[in-house]
1. Looking at the stretch 27-43, I want the residues that are within 18 Å of residue 8 (Cβ to Cβ) and have a partner that is surrounded by fewer than 12 Cβ atoms within 10 Å (Cβ to Cβ) and at pLDDT below 95 with Cβ atoms under 7 Å, at least 6 apart or on another chain. Which pairs are those?
2. Exactly one condition in (1) surrounded by 15 or more Cβ atoms within 10 Å (Cβ to Cβ); (2) at pLDDT 85 or above is not met by residue 39; state its number.
3. If I go through the stretch 65-103 residue by residue, how many of them are closer than 26 Å to residue 6 by Cα and modelled with pLDDT under 65?
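The values are calculated or read from the model by the stated rules, or taken from the named source; none is laboratory data. Since we're looking at a predicted model, the values are computed, not measured. Neighbour counts run over all protein chains shown; Cβ positions are idealised from the backbone, glycine included.
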């Protein structure tokens, strides 16, 4: 997050010195956003592995079938980037995300 916000959201910002005031609402929202992004990246990384030791792409069971998303394609990477941007837009302020040009 520090890299994506150009140093505006750091560990020190997210964890103020003990004995101080309660964490502010933006800090709590930032922490929630970081958790949402971590969950998204984790879900993107785990792949169901079959008995043969390779990733399962589709399966069927007594008339029910399901095809899992391919997360290796360029379109899947673009979709992941769009999902991360949507989370950041939701949980981080414009000032934290501002880069001087379009996002």
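1. From residues that are within 18 Å of residue 8 (Cβ to Cβ), the pairs are 33/90.
2. (1)
3. 4
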